[in-house]
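Take a look at the structure below.
The values are calculated or read from the model by the stated rules, or taken from the named source; none is laboratory data. Model, not experiment: these values are computed from the prediction. We place every Cβ from the backbone using ideal geometry, glycine too, and count neighbours over all the protein chains shown.
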Protein chains: 4
Amino acid sequence: MNDSAALSGIEYLQGLIRDRTLSPMGAAMKMALVAVSDGRAEVEAFPSEKFYNQQRRIHGGYLATLLDTALGCAVQTKLAQNVGYGTIELKINYVRKLVAETGRLVCVGTVLHAGRTMLTAEAKVAGPDGKLYAHGTGTFLVYP
Amino acid sequence: MNDSAALSGIEYLQGLIRDRTLSPMGAAMKMALVAVSDGRAEVEAFPSEKFYNQQRRIHGGYLATLLDTALGCAVQTKLAQNVGYGTIELKINYVRKLVAETGRLVCVGTVLHAGRTMLTAEAKVAGPDGKLYAHGTGTFLVYP
Amino acid sequence: MNDSAALSGIEYLQGLIRDRTLSPMGAAMKMALVAVSDGRAEVEAFPSEKFYNQQRRIHGGYLATLLDTALGCAVQTKLAQNVGYGTIELKINYVRKLVAETGRLVCVGTVLHAGRTMLTAEAKVAGPDGKLYAHGTGTFLVYP
Amino acid sequence: MNDSAALSGIEYLQGLIRDRTLSPMGAAMKMALVAVSDGRAEVEAFPSEKFYNQQRRIHGGYLATLLDTALGCAVQTKLAQNVGYGTIELKINYVRKLVAETGRLVCVGTVLHAGRTMLTAEAKVAGPDGKLYAHGTGTFLVYP
């Protein structure tokens, strides 16, 4: 019972939302999956000074983690649960200064192309003020 | 005394190596600056299961953090210490599966173009076996 | 009279649509500007076998030209006509095989971030069947 | 005789050098393959005002064509001649103003990762003065 291989990607992700668990990295970075639908995933993040770079701004790697997570979950909504996949390429634009005081971020990932073996997606990170802080795209391969 | 604004970027980074401190994010991710020279920076990282994604591989955001750090430090070797700068764009290729057992990673960042206001750099991440795990490029702007 | 420096970027681009002229490269590649509005530009292209690569598909550089053009014109709608600007970085995903028989392509560029000195935009290329053939993003700097 | 399917990718490319033919797009853009070796390809280009953008500089699409060509040929040196492959993703940094007077460009592409189905490469464009004008990376998939 509870045959996880029989779940679709969306059903699997809905379980992660219900259980408030995403991944070890997600937990370390204070990120959580908020919503999923066909070709779309929404991830929230709570940046803090723990994630600062030398210049006392949120590290570019923090936003990269958030974008990669939202992109990957969006892609996973197009797959069966037991299908392996991975990011082969990630591209990010940082467009606004981000500090701990900025507060809760929401990143929405959207699939642009869903091929049999290659999928691409885009994602955008907004702050509580609705302003865009970063955007990116990713390319994913499905493993046989 | 010890007027940090009077230091060059390289001198400032040499201080970070000596003090074994990089940034809060660097500490959280088990990364350290190992060496710097003109236009070049070397950062080491110790990935562990804490940084796993859902698929029990090292999260793409972990490698993005490592690459952004090495790229940024390479760029900083070209600047005076008191000059502000930031990543405006980061691009990563993930070319090999990375798990905790892979062990210590070394990422070398190298400046490709050093203009007055815009700098670009490339970086490569190798494992203990010398194999390439990821590579990337970044674009940086100097703030007035 | 007709002081072009006094035109806005949009007015200048509207002139290009009216005069059916875009640039020497646009003419060589059979591309034309079709529509502009605030933060948006639409460019059409007529690929043919002249633009084939060795593998008898439309060359990646052809789509790069189309995407760069739509991104740049979208950015220009946010600027005054006499302001210099340039692409500093371009990223493209090729998601579907493109041959001469595919026919007329339409590329829509949309500004994502319009800062004082840096602007970013995204663009998507669709065929006559409405399918996505390529997508991309670009980063632009305004020259003083 | 002359069974092209029996050629390696390098042998096939050496034939293109000998015959001074690259592709229809290469001819249209005044580009030629100059040298190939294992994991490396060198392409020359002669930019002129025909390839100008609105701002009377060489169009970003021209350099994208040059980079994609050198990246693709470098990748092809790792393949058998009859193996299909294609660019799935291309990323370019434009770092220096390029005009017709700049003269002959040389772009060297180098493979970074050669997997069974995915290959990545980097390329750099230099002018007659040895200065860097653009650099980029690409991701390629091999078709079964």
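Evaluation of B:Pro47 against the conditions (1) in a loop (DSSP other than H, G, I, E, B); (2) farther than 18 Å from A:Gly26 by Cα shows that the sole unmet condition is (2).
Return the total of residues in region C:80-107 being under 22 Å from A:Leu119 (Cα atoms) and within 11 Å of another protein chain (Cβ to nearest Cβ). Spell out how you get there, then give the answer.
Here is the first cut: in region C:80-107, the ones under 22 Å from A:Leu119 (Cα atoms) are C:90-99, C:102, C:105-107.
Right, trim to within 11 Å of another protein chain (Cβ to nearest Cβ) and you get C:90-98.
Number of matching residues: 9.
The residues listed here are C:Thr110, C:Thr77; of these, the one that is more than 9 Å from chain D (Cβ to nearest Cβ), of a type in the set (S, T, N, Q) and under 14 Å from C:His135 (Cα atoms) is C:Thr110.
The condition of being aliphatic (A, V, I, L, M) and in contact with a helix residue (DSSP H, G or I) (Cβ under 7 Å, 6 or more places away or on another chain) holds for only one of A:Ala134, A:Ala70, that being A:Ala134.
Given the structure, is B:Ala41 under 28 Å from B:Ala114 (Cβ atoms) and surrounded by 21 or more Cβ atoms within 10 Å (Cβ to Cβ)? It is true that B:Ala41 is under 28 Å from B:Ala114 (Cβ atoms) and surrounded by 21 or more Cβ atoms within 10 Å (Cβ to Cβ). Whether any residue in region B:69-84 is within 20 Å of A:Pro24 (Cβ to Cβ), of a type in the set (Gly, Ala, Ser) and either surrounded by fewer than 22 Cβ atoms within 10 Å (Cβ to Cβ) or at pLDDT 95 or above (or both) is what I want to check. No, there is no match, as no residue in region B:69-84 is within 20 Å of A:Pro24 (Cβ to Cβ), of a type in the set (Gly, Ala, Ser) and either surrounded by fewer than 22 Cβ atoms within 10 Å (Cβ to Cβ) or at pLDDT 95 or above (or both).
Could you check how many residues of region A:67-97 are of a type in the set (A, V, I, L, M) and over 25 Å from D:Leu90 (Cβ atoms)? Talk me through it step by step, then tell me what you get.
From region A:67-97, those of a type in the set (A, V, I, L, M) are A:67, A:70-71, A:74-75, A:79-80, A:83, A:88, A:90, A:92, A:95; that's our starting set.
With over 25 Å from D:Leu90 (Cβ atoms) added as a condition, the list becomes A:79-80, A:83.
So the answer is 3.
Only strands (runs of 3 or more DSSP E) wholly contained in region C:96-142 count here; list those with 2 or more residues that are under 17 Å from the mean Cα position of the chain (by Cα) and among the hydroxyl-bearing types (Ser, Thr, Tyr). Walk me through how you get there before you give the answer.
Working: elements: C:105-114, C:118-126, C:132-142.
Per the criteria, C:132-142.
Contact annotation: residue pairs with Cβ atoms under 8 Å, 6 or more positions apart or on different chains, pairing a residue in region C:46-69 that is within 14 Å of D:Thr69 (Cα to Cα) with a partner that is small (Gly, Ala, Ser) and part of a loop (DSSP other than H, G, I, E, B), are C:Tyr52/D:Ser23; C:Asn53/D:Ser23; C:Gln54/D:Ser23; C:Gln55/D:Gly84; C:His59/D:Ser23. Go through the residues of region C:128-139 one by one and say whether even a single one is touching a Pro at 6+ places or on another chain (Cβ under 9 Å), among the polar types (S, T, N, Q), over 23 Å from A:Ala114 (Cβ atoms) and within 11 Å of another protein chain (Cβ to nearest Cβ). Taking every residue of region C:128-139 in turn, none turns out to be touching a Pro at 6+ places or on another chain (Cβ under 9 Å), among the polar types (S, T, N, Q), over 23 Å from A:Ala114 (Cβ atoms) and within 11 Å of another protein chain (Cβ to nearest Cβ). Of the residues making up region D:92-105, those that are in contact with an Asp or Glu (Cβ under 8 Å, 6 or more places away or on another chain) and over 10 Å from D:Ala123 (Cα atoms) number 5.
Listed here are the residues, each with its yes/no results for (1) within 12 Å of chain A (Cβ to nearest Cβ); (2) closer than 20 Å to A:Lys50 by Cβ; (3) buried (at least 17 other Cβ atoms within 10 Å of the Cβ).
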site	(1), (2), (3)
B:Gly9	yes, no, yes
B:Leu13	yes, no, yes
B:Arg18	no, no, no
B:Ala28	yes, yes, yes
B:Phe46	no, yes, no
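For region C:85-124, a tally of residues being more than 21 Å from C:Pro47 (Cβ to Cβ), of a type outside the set (S, T, N, Q) and surrounded by fewer than 16 Cβ atoms within 10 Å (Cβ to Cβ) returns 2.
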